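Participant: I have a structure I would like to understand better, so I am pasting it below and will then ask my questions one at a time.
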Amino acid sequence: MTKQAIEQTGLIPRSIIRTFDRFRIQLLSGTEKLVIQEFRISRYQVLVSVKCLLSLIILPILINCLLKNFLVLPLTTNFWNTHQQQIFLNSDQQNRAFIELSQFEEKIYFEFLLDSFNKNPAFNNSLSSSNEASISNQAKNKSPLKTLYSDKYALNKLIREDIQRKTSELAVFYNQESIIALTNLFGDVITFIIIGFLIIWMKPQIIILQSFLTESIYSLSDTTKSFLLILGTDLLVGFHSPRGWEIFLELILQHFGFPENEDFIFLFVATFPVLLDTVFKYWIFRYLNQISPSTVATYHSMIE
C-alpha cells in the first residue's frame, strides 16, 4: 500500500497535533541531544542549499561567458566572415537598415537646405520684406533659389559621400549583430546542455535545496503566501501582462537572431497566458487547497 503524499484532514488541526508532539518530545530524556542533532541537520541543510543555489546561478553564467568569448565567438566570426557573403541574418535586420539609411538621407538633405538658406540672406529678406519695389529690385539680381539649385551638384556629392560612409557603418554594425546572434544561439544551447549534466550530477544537493525552499515557503504566514501568489499571477497573467510578454518575446527573438514575426507574437500572447492561468487555477484547486486551505481562503479574500 502506497503512502499518500497529502495528509488526510482530521477533526483536530495538524498544527495542534505537531505542537503537542514537540511538547511531548521535550519532556522525554535526551532532549538536548535531539536539539543539537536537529540544529546540525538544519545547519547542514542551509549550507548545502546555499552552495547548491549559488552553483546553479554562478556556474551557468560563468560557463556561458567563457564559452561565448573564448570558443563560440571566434569560431562564429571566422565562419561568418569567410564562408558567408551576406551581411543580414534575417529580413528584419535588412528592413531596419533600410529605414535607418532613409532617415539618414532625409536628415542630410534637410540640413543642407537649412545651411543653404542661412548662407543666402537675400532669400530671408525677400520673405520678410513687404515692399513691392524692393521685391522687384531683388528679382533683378540673382535669385536665391537659383543659387540654391545651382548647388545641386554639391548636394548630390555630399549625399553620396555621406551615404557611402553610413552604408559602411551599417554593414559593419549588422554584420557584427549577426555574428553575436549566432554566438548567442550556439553558446546558449551548449550552456543548457551543460546545465542539464550539472543538474544530474548535483541531484542529491538539488533535492535538499528543494526541501529547504519548500519548508521556507510553508513557514511563511498565510498573508505573505497569498501576497506572493497574487504578485506572481498579476505579473504572468494579469491585465498588463500581454505587453510584458510581447517585450519578452521580442528580446528573445533579437537575442537569437530570429525574425520578429508579429503573428507569432500575437498568437503566443493570446494563448499562453490563458493556458498558464488555467494551470495555475487547477494547481490551487487540486493541490494548494489540500495542503494549505487557510492560504487559499486568504488568497480569495484578498483578490475579492
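Participant: So, R0 is 22 Å and r is the distance between the beta-carbons of Phe256 and Trp201; what FRET efficiency does that work out to, to 0.05?
Facilitator: Taking R0 as 22 Å, the efficiency between Phe256 and Trp201 is 0.20.
Participant: Would you please give the FRET efficiency between Ser55 and Ile99, computed as 1/(1 + (r/R0)^6) with r the Cβ-Cβ distance and R0 = 41 Å, to the nearest 0.05?
Facilitator: Between Ser55 and Ile99 the formula returns 0.35.
Participant: On a full-extension model of 0.36 nm per residue, what is the gain between Trp283 and Phe173, subtracting their alpha-carbon distance, rounded to one decimal in nm?
Facilitator: Extending this stretch completely gives an extra 34.9 nm.
Participant: Still on this model: Listing Trp283, Trp80 from the residue with the fewest other Cβ atoms within 10 Å to the one with the most, what is the order?
Facilitator: Trp283, Trp80
Participant: Starting from the 7 Å offset along Cα-to-Cβ, what nm value, one decimal, do you get for the label separation of Ile41 and Ser221?
Facilitator: Between Ile41 and Ser221, the simple spin-label model gives 2.9 nm.
Participant: Give me the net charge for the shell around Ile195: Cβ to Cβ below 14 angstrom, other residues only, Lys and Arg +1, Asp and Glu -1.
Facilitator: Summing Lys/Arg as +1 and Asp/Glu as -1 gives 0.
Participant: According to a simple spin-label model (label point 7 Å from Cα along Cα-to-Cβ), what is the distance in nm between Gln210 and Lys157?
Facilitator: 7.5 nm
Participant: Which aspartates and glutamates have a Cα less than 17 Å from the Cα of Lys281, not counting those fewer than 8 places away in the same chain?
Facilitator: Asp234, Glu304
Participant: Another one. Using the Karplus curve 6.51 cos²θ - 1.76 cosθ + 1.60 with θ = phi - 60°, what ³J(HN,Hα) values do you get for each residue of region 255-260, in whole Hz, with x for Gly and Pro?
Facilitator: Along region 255-260, the couplings run 5, 9, x, 8, x, 7 Hz.
Participant: In whole Hz and in residue order, list the ³J(HN,Hα) couplings for region 274-279 that follow from phi through the Karplus curve 6.51 cos²θ - 1.76 cosθ + 1.60, θ = phi - 60°; x for Gly and Pro.
Facilitator: 3J(HN,Hα) across region 274-279, in whole Hz: 5, 4, 5, 5, 5, 5.
Participant: Just to be sure I understand the model, the point goes 7 Å from the Cα along the line to the Cβ. What's the resulting Ser301 to Ala270 distance in nm?
Facilitator: Taking the two extended label points, one gets 4.0 nm.
Participant: Of Ile230, Ile252, Ile108, how do they rank once you tally other Cβ atoms within 10 Å and put the fewest first?
Facilitator: Final ranking by Cβ density, sparse to dense: Ile252, Ile230, Ile108.
Participant: Let me ask something additional. Taking R0 as 45 Å, what FRET efficiency do you get between Val189 and Arg165 from their Cβ-Cβ distance, rounded to the nearest 0.05?
Facilitator: 0.75
Readers should treat all values here as calculations from the given coordinates under stated rules, not as data from a laboratory. Note that the coordinates shown come from a computational prediction; the quantities given were computed from them, not determined experimentally. Positions of Cβ are backbone-derived with ideal geometry, glycine not excepted, and every protein chain shown enters the neighbour counts.
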